[in-house]
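Right, one structure below, let's go through it.
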Amino acid sequence: MTTLVLTITETLRYRGKLGQWSWALHRLAGLGVLFFFILHVIDTSWSVFYPELYAEAIAVYQSPLFTLGEFALVAAVVYHGINGLRIVVFDYRPQWWKYQEKGALIVLAVSAVILIPTFLLMGYHVMRFYQEPTTVFDLQIMRVVNSQLPFLIGIAATFVGGIILAGLWSVVDRPGAKKQYKRSSFDTFMWTFMRISGILIVPLAFGHLAMVHVIQGVFDITKAGFVPVGSIDANVTGFAADFVTIRWNTMFAGVLIWRIYDAALLAFVAIHAFNGLRYVVNDYIHNKIINRGAQIAILVGCVILITVGSAAIISTSPRTTAEMLESSQVITDQPVN
Ligand code: HEM
Ligand code: HEM
């Protein structure tokens, strides 16, 4: 914990040192996107397992507070991705290290070049939505808080569970057997994986965001008659879960293209981001039991997320328009508590 306080104070003290700021921003952006990613994969799995909950999750995504958050999310993904590429390039070109400051400036410039038109297009979708006479501007703060609280509790419970397990482990662990930390082949593998996965995530995550935020807007997910991006069939019901069903059942040349795309995005981002969280934990948590507990929680969290996300992708069943109309009717007819 003292290291965390030191990081914050030293980052503030080093005013003007761009390298320090870009390191802090890279870490903050990575952690912020990871938090969203955990919610997002669980939410999206509901489109298959609990369609009515997914409708509620998308309604929350469409609320004004979340709309603001989506701009921050896109900025964080773009900055972290471009800065990540800079890290990869500099890692393999030590002779360029003297240009670190210039590199950090180029990252800011490239991020701005990508973000300005992206924000304009995202803004266009938002404006179009709020110009519709049926749209009511309502911050819905309590709705957002209530919907996100269970996730926060779930994340906290995973960490507490991990610490309890680590405590039990320390009881059975042979005392006195002091292990010297050596950089293991696992660490070397993960170092390389962070770089390769980062390079692969750039087109996957940027492409995903371009599809859901730029070409179409988040508001189009619930638009009846809308043809989801990269699909052929229209979402006749305007029901959020049907949007995902149509996307995941779209075939190109006999291949379920968006399922494969999302599965790759899921696996690379989950392993990359949870391993990134492991680095952060190792930097700041030096108490042996709490550190081990956090590592257990990270491993469990990563496995759960990949399992839940891929279960949803695999379980999506092809449904006809008539079946979609029928099931959305059943769901919308149910009384809301
Ligand atoms: C868009 C493409 C991405 C690229 C090119 C990229 C690249 C990188 C690189 C090079 C590192 C440093 C690894 C190291 O120190 O060994 C890193 C760390 C990290 N990344 Fe990414 N990343 C990307 C996407 C993501 C996403 C989508 C998330 C979250 C869902 C994420 C979360 C993290 C975290 C939490 C860290 C640890 C930060 C730290 O140690 O300061 N990354 N990333
Ligand atoms: C607010 C911004 C976002 C929106 C509105 C959004 C929307 C969606 C939608 C509609 C799907 C359903 C399938 C599809 O259409 O492909 C989906 C799935 C997915 N998205 Fe996003 N997305 C957002 C941001 C992100 C980001 C930043 C990442 C990764 C860093 C991401 C990763 C994924 C993954 C891995 C899946 C598959 C989930 C599963 O298997 O349960 N999304 N997203």
Checked against (1) more than 26 Å from Pro51 (Cβ to Cβ); (2) within 16 Å of ligand 2 (Cβ to nearest atom), Val218 satisfies every condition except (1)
Residues of the range 266-290 satisfying the condition of being free of Cβ contacts under 8 Å to residues at least 60 places away in the same chain and either away from ligand 1 (no atom under 14 Å from the Cβ) or under 30 Å from Thr320 (Cβ atoms) (or both): Asn287
Mind telling me which of the residues Thr192, Thr118, Thr188, Thr222 ends up being in contact (Cβ under 8 Å) with a residue 60 or more places away in the chain and either within 16 Å of ligand 1 (Cβ to nearest atom) or touching a strand residue (DSSP E or B) at 6+ places or on another chain (Cβ under 8 Å) (or both)? Thr118
Evaluate the following for Ala263: is it within 14 Å of ligand 1 (Cβ to nearest atom), in a helix (DSSP H, G or I) and not hydroxyl-bearing (Ser, Thr, Tyr)? no
Filtering the range 114-165 for residues that are charged (D, E, K, R) and in a helix (DSSP H, G or I) leaves a count of 2
Residue match in the range 13-20 (condition: closer than 26 Å to Phe193 by Cα, modelled with pLDDT under 95 and assigned to a helix (DSSP H, G or I)): yes
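For the range 81-90, what are the residues that are away from ligand 2 (no atom under 16 Å from the Cβ) and either surrounded by 13 or more Cβ atoms within 10 Å (Cβ to Cβ) or not in a helix (DSSP H, G or I) (or both)?
Those that are away from ligand 2 (no atom under 16 Å from the Cβ) and either surrounded by 13 or more Cβ atoms within 10 Å (Cβ to Cβ) or not in a helix (DSSP H, G or I) (or both): Arg86, Ile87, Val88, Phe90.
Any idea which of Ala322, Ala267 is within 15 Å of ligand 2 (Cβ to nearest atom) and of a type in the set (Gly, Ala, Ser)?
Going through Ala322, Ala267 in turn, just one is within 15 Å of ligand 2 (Cβ to nearest atom) and of a type in the set (Gly, Ala, Ser): Ala267.
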Of the criteria (1) under 25 Å from Val77 (Cβ atoms); (2) modelled with pLDDT of 90 or more; (3) more than 14 Å from ligand 2 (Cβ to nearest atom), which one Leu139 fails: (2)
The residue from Val60, Val78 that alone is surrounded by 15 or more Cβ atoms within 10 Å (Cβ to Cβ) and within 15 Å of ligand 1 (Cβ to nearest atom) is Val78
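In a helix (DSSP H, G or I), at pLDDT 95 or above and over 20 Å from the mean Cα position of the chain (by Cα): does that describe Ile271?
Working: in a helix (DSSP H, G or I): yes; at pLDDT 95 or above: yes; over 20 Å from the mean Cα position of the chain (by Cα): no.
Answer is no for this residue.
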So, in the range 166-179, of the ones that are part of a loop (DSSP other than H, G, I, E, B) and under 20 Å from Val281 (Cβ atoms), which residue ends up modelled with the highest pLDDT? Asp173
Which residues, taken from the range 136-177, are exposed (fewer than 11 other Cβ atoms within 10 Å of the Cβ) and of a type in the set (Val, Ile, Thr)? Val136, Ile153, Val171, Val172
Report whether or not Gly238 is surrounded by 16 or more Cβ atoms within 10 Å (Cβ to Cβ), within 9 Å of ligand 2 (Cβ to nearest atom) and within 19 Å of Leu53 (Cα to Cα). no
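The values are calculated or read from the model by the stated rules, or taken from the named source; none is laboratory data. Predicted model only: the values in this text are computed from it and were never measured. Every residue, glycine among them, receives a Cβ derived from its backbone with ideal geometry; neighbour counts consider all protein chains shown.
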